[in-house]
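Working notes, beginning with the structure itself.
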């Protein structure tokens, strides 16, 4: 292995020979010069991995030398070494993009630690990450062989997501395939668990996870009742836990953040789960109580969420909530609407309660299925997270959050209606021509597919789903399967493979964050 090379620029280098010998014995190749001009010449002449730079030297001083070196090699790590502890000097050095700062007198072990921290951190952390992940892999594998409850499944999923994000930072480790296989095995067991227990959750909510219709009563209502400032209810359509964690790290300095988790109802599709969030009811209950606000099967499914404000108003009335001023509701589909809201959000500092739906993440998911360019930009989940972060950093949503964070006593309840999963395996399905076209769930007459690929719902009303006719049944895709009809089977099998879909049973679609963001002012 080639030795790492250090350049040490110090006019008193003769007094530091013991340090140089120590670093040489530790495997580094050290070159020394006694002034800034010679240091700059060396940087032009050779490649170095790190530079130690004295701040106080006759002639060209440390900061001036630093500036010229950065012009030649802007990415080379530089450590400033000085006797001066003045804060202004430290600020000047840090502003000039040094990598570390040491106060004289320094000891050899300090120099070694600095080298390891800057040069070897990635290699050292890589070995520890490998070791830690394999330990966690074995723990999760044993956990998957146990009898888990819904709290266990939240813990398993959180752990897998955290490792997914960790491996984003260390793609060279080569553990991604192992993690993906464990995700698949976990989703296999999770699908069995949901199929076995979902009906029990509906029948006995006290021994169940919070489901979509219970979000308002458990999380939103308490904030409205105890409010001392504006309360905002944000629903980011189709946001996975990993995407939330990407967003969270970009706003963690703006808010006090309190996070919990809930399970989306099934099907994990917008017409069902988001209406449940805004009504506090399951779909069959909406259809029974407010038939005028539940579209029929013959209508365009894109129109099934057009009564969210009305359903929210009715829910507030059922809970006898009296707002200090009128309920506000905004759905952001067009970026121009988002930008306009960001510019005017301060006008809502006295608003009692406002609900905001943002569809951009869902639009990315659907657009990616049909766009060669988006598939190239985001070919896998790691790239999809990166795309999410790029969007958020430049989005009106970040500007909106920044504005709300400055409002006294403001609170945001933020969640999503469902997540999405990257589908990998096609499942052939038979049904009549009236069956729905969704890829992760279908309803219709006499639907048939392999039992291992899907959960059958023969009596929709038991599951609080609309019973469109006496012969209607639902099938819900498990794991990473997607439904394909026999007609042009291979064409559509290939077309939809490796696309993000929702509506089925998977951890990514069902286990969702519910977050309270409190302004710090």
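The values are calculated or read from the model by the stated rules, or taken from the named source; none is laboratory data. Quantities reported herein were computed from a predicted structural model and do not represent experimental measurements. Using ideal geometry, Cβ is built from the backbone for each residue, glycine included, and neighbour counts are taken over all protein chains shown.
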Legend entry - Residues of the stretch 381-412 that turn out to be assigned to a loop (DSSP other than H, G, I, E, B), surrounded by fewer than 14 Cβ atoms within 10 Å (Cβ to Cβ) and without any contact (Cβ under 8 Å) to a residue 60 or more places away in the chain, as a count: 1
Legend entry - In the stretch 41-74, the residues that are under 12 Å from residue 10 (Cα atoms) and touching a strand residue (DSSP E or B) at 6+ places or on another chain (Cβ under 7 Å): 51, 52, 53, 54, 55, 56, 62, 65
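Yes or no, residue by residue, for (1) crowded, with 20+ Cβ neighbours inside 10 Å; (2) modelled with pLDDT of 95 or more; (3) under 30 Å from residue 405 (Cα atoms):
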{"position": "242", "(1), (2), (3)": "yes, yes, yes"}
{"position": "266", "(1), (2), (3)": "yes, yes, no"}
{"position": "273", "(1), (2), (3)": "yes, yes, yes"}
{"position": "300", "(1), (2), (3)": "no, no, no"}
Inset, instruction - Report, by residue number, each residue of the stretch 76-86 that is closer than 16 Å to residue 35 by Cβ and in contact (Cβ under 8 Å) with a residue 40 or more places away in the chain. - result: 81
Inset, instruction - Sort out which residues of the stretch 8-18 are over 20 Å from residue 99 (Cα atoms) and surrounded by 14 or more Cβ atoms within 10 Å (Cβ to Cβ), and write them in order of number. - result: 11, 13, 16
Inset, instruction - Answer yes or no: is there a residue in the stretch 257-277 that is out of contact with any helix residue (DSSP H, G or I) (no Cβ under 7 Å at 6 or more places or on another chain), without any contact (Cβ under 8 Å) to a residue 40 or more places away in the chain and over 21 Å from residue 421 (Cβ atoms). - result: no
Legend entry - Search result, residues across the stretch 31-85 that are part of a loop (DSSP other than H, G, I, E, B) and closer than 18 Å to residue 103 by Cα: 55, 56, 57, 61, 77, 83, 84, 85
Legend entry - Pair list, Cβ under 9 Å, 6 or more apart: the stretch 46-75 residue on the phi > 0 side of the Ramachandran plot, other residue surrounded by fewer than 23 Cβ atoms within 10 Å (Cβ to Cβ): 59/11; 59/35; 59/37
Inset, instruction - Of the numbered conditions (1) assigned to a strand (DSSP E or B); (2) surrounded by fewer than 22 Cβ atoms within 10 Å (Cβ to Cβ); (3) under 26 Å from the mean Cα position of the chain (by Cα), residue 513 fails exactly one; give the number of that condition. - result: (2)
Legend entry - Criterion violated by residue 452 - all others in (1) crowded, with 20+ Cβ neighbours inside 10 Å; (2) outside any loop (DSSP other than H, G, I, E, B) satisfied: (1)
Legend entry - Unmet criterion (only one of (1) at pLDDT 90 or above; (2) surrounded by 15 or more Cβ atoms within 10 Å (Cβ to Cβ)) for residue 468: (1)
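Condition check ((1) loosely packed, with under 14 Cβ neighbours inside 10 Å; (2) within 30 Å of residue 207 (Cα to Cα)) across all residues:
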site: 135; (1), (2): yes, no
site: 143; (1), (2): no, yes
site: 150; (1), (2): no, yes
site: 154; (1), (2): no, yes
site: 160; (1), (2): no, yes
site: 163; (1), (2): no, yes
site: 180; (1), (2): no, no
site: 190; (1), (2): no, yes
Inset, instruction - Scan 159, 155, 125, 135 and give me the residue that is in the same structural domain as residue 186 (by TED's automatic domain parsing), under 25 Å from the mean Cα position of the chain (by Cα) and under 30 Å from residue 18 (Cβ atoms). - result: 125
Inset, instruction - For residues that are touching a helix residue (DSSP H, G or I) at 6+ places or on another chain (Cβ under 8 Å) and within 15 Å of residue 78 (Cα to Cα), scanning just the stretch 96-110, find the one that is surrounded by the most Cβ atoms within 10 Å (Cβ to Cβ). - result: 98
Legend entry - Residue that is assigned by TED's automatic domain parsing to the domain that holds residue 404, modelled with pLDDT of 95 or more, in contact with a strand residue (DSSP E or B) (Cβ under 7 Å, 6 or more places away or on another chain) and more than 16 Å from residue 462 (Cα to Cα), where the choices are 223, 217: 223
Inset, instruction - Name the one entry in 53, 89, 7 that is within 45 Å of the chain's Cα centre (by Cα) and modelled with pLDDT under 90. - result: 89
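For the stretch 332-374, how many residues are exposed (fewer than 15 other Cβ atoms within 10 Å of the Cβ) and at pLDDT below 85?
Total satisfying the criteria: 6.
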